[in-house]
1. For the range 101-143, how many residues are surrounded by fewer than 18 Cβ atoms within 10 Å (Cβ to Cβ) and not β-branched (Val, Ile, Thr)?
2. Take the residues of the range 123-141 that are small (Gly, Ala, Ser) and not in a helix (DSSP H, G or I): which is modelled with the lowest pLDDT?
3. Which residue out of 253, 245, 230 is touching a helix residue (DSSP H, G or I) at 6+ places or on another chain (Cβ under 6 Å) and either over 24 Å from residue 91 (Cα atoms) or surrounded by fewer than 18 Cβ atoms within 10 Å (Cβ to Cβ) (or both)?
4. Among the residues that make up the range 162-185, is at least one of them out of contact with any Lys or Arg (no Cβ under 6 Å at 6 or more places or on another chain), at pLDDT 85 or above and either over 26 Å from residue 82 (Cβ atoms) or crowded, with 21+ Cβ neighbours inside 10 Å (or both)?
5. How many residues are touching a Ser or Thr at 6+ places or on another chain (Cβ under 6 Å) and either among the small types (Gly, Ala, Ser) or under 18 Å from residue 185 (Cα atoms) (or both) when one looks only at the range 137-147?
6. Which pairs do you get when a residue that is closer than 10 Å to residue 180 by Cβ, found in the range 94-116, comes within reach of a residue that is at pLDDT 85 or above and β-branched (Val, Ile, Thr), reach meaning Cβ atoms under 9 angstrom, with the pair 6+ apart or on two chains?
7. Pairs please, first residue from the range 13-30 and surrounded by fewer than 16 Cβ atoms within 10 Å (Cβ to Cβ) and in a helix (DSSP H, G or I), second anywhere and of a type outside the set (A, V, I, L, M) and modelled with pLDDT under 65, Cβ atoms under 7 Å, 6+ apart in sequence or on different chains.
8. Among the residues of the range 229-247, is any modelled with pLDDT under 85, part of a helix (DSSP H, G or I) and within 26 Å of residue 162 (Cβ to Cβ)?
Amino acid sequence: MNAALTGLFAIALYAFGVFQILAARRSAPARQVETGPTIASAPKRTVFISLGVVALALHAMSAWFGLVTEAGINLSFFAIGSIVGLALAGTSLGVANRVDFPSLLAVAYTIAIITIGGSIVLPATAEPRADLEVGLVFHVVASIAAYTALAMAAVHSVLTLTLENRLRRHETFSLVVDFPPLESMVVLLFRLIWIGIALLTIAIGSGFFFLDDLFDQRVVHHTVLSTSSWFVYVMLLAGHLLFGWRGKTTIRWTLVAFALLALAYFGSKFVLEFLLGPT
């Protein structure tokens, strides 16, 4: 088996999972979302989880085949994107296994489909690296972990905003009947941000410690943007602890910080690999 074949199987299972979730939501009876879901309110929950586990295994195989090549380790835009999609789907699956939240799975599965598709359809945009130092590997792993946690926080913040707006208008609709109570979503959001900022601190610190070219002209924007993102997250957490920031203020700054982080990593890789050419 190769990256394309396993990736296509993973896409099919992810897509079927999304279809099942949306179909279940459309057929769910309308009710007030303030009460939050119960286990019985998530139809075919076992199916969602089972499909995700199999899809995740196939996605992992596809990502591995795309990452480890005969020429070396492929750290190009789409290869890393597939790994981030894998980590995001896996984290969402872990959350959904503890919290009855299929809508989060639908978003994660969709992102995974997009990242797999890019990795198997589009060619590598950077030369594989035959030799990787331990410090660089540690930095890459920490960066992917931080990006995954903070991407989860960004997705979660959008879903939280959706639920909050519906609650304010006293509206219900099928796509949010499986949302946890708003208070639980806020607690989970800040938990994800705390985890993400800890990992991002490790990633940035390891970059300064292990890498010598952080302020090279080709990557200085990556350093500046990722550090700026870190400062925004720290400001957000300080505002929450000191001034009780919640609601739309929290969501707005979460999305601003993640936008800076996304530009720092994927924006930088896009410029380096697509506009300036492979390195």
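The values are calculated or read from the model by the stated rules, or taken from the named source; none is laboratory data. Since the model is a prediction, treat every value here as computed from it, not as a measurement. Cβ sites come from the backbone with ideal geometry, for glycine too, and all protein chains shown count toward neighbours.
1. Number of matching residues: 14.
2. Applying the filter and picking the extreme gives 124.
3. 245
4. no
5. Here the count works out to 1.
6. The qualifying pairs are 104/155.
7. 26/174
8. Yes, the range 229-247 contains a residue that is modelled with pLDDT under 85, part of a helix (DSSP H, G or I) and within 26 Å of residue 162 (Cβ to Cβ).
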